[in-house]
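Only the coordinates and a few stated rules stand behind these numbers; no lab work does. Everything numeric in this text was worked out from a predicted model, so none of it was measured. Counting neighbours? That spans all protein chains shown, and the Cβs are built from the backbone with ideal geometry, glycine included.
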């Protein structure tokens, strides 16, 4: 902490920490996993050659956290598959079966793309723009609607996707 740049770094990222934690908790569903994601995000930011300007730093941190979350999901999925392979190879050795992956982790990219494509334009457009990192304000301006309308449409898009993907996984 004795480095002169460390204090400036923490001053810049500290205001975003609680927002990152809430987002991480929504993604992971686990307080300890959320804390780990925020910590990994901070480590990534600290190791970056340079950070974006203050007006885009929050978005950069959120995208970084999301990418770390996706990497974590992929790693867990790969570990689960590797574990299953080892379990089938081993003879006479019994191992405890890992808990089943949550439904949302079993959704393929293709299933998600298909489900998004089925959304009506008024829901799909704000959802896709938000997924690309646009703020609610930017989306509202682009669509010439209010921020509350954008928020409602994104919420409805997520609900519709959850329903569609749950039906796909049940089949």
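So, R0 is 41 Å and r is the distance between the beta-carbons of residue 117 and residue 71; what FRET efficiency does that work out to, to 0.05? It comes to 0.95. Over the range 18-72, the pair-distance histogram of Cα-Cα distances with 5 Å bins from zero comes to 4, 23, 32, 24, 12, 4, 0 percent, rounded to whole numbers.
Averaging 1/r over every pair of different alpha carbons in the range 107-171 and inverting the result gives a Kirkwood radius of 12.1 Å.
Normalising the average separation of contacting C-alpha pairs (under 8 angstrom, six or more residues apart) by the number of residues puts the relative contact order of the range 111-163 at 42 percent.
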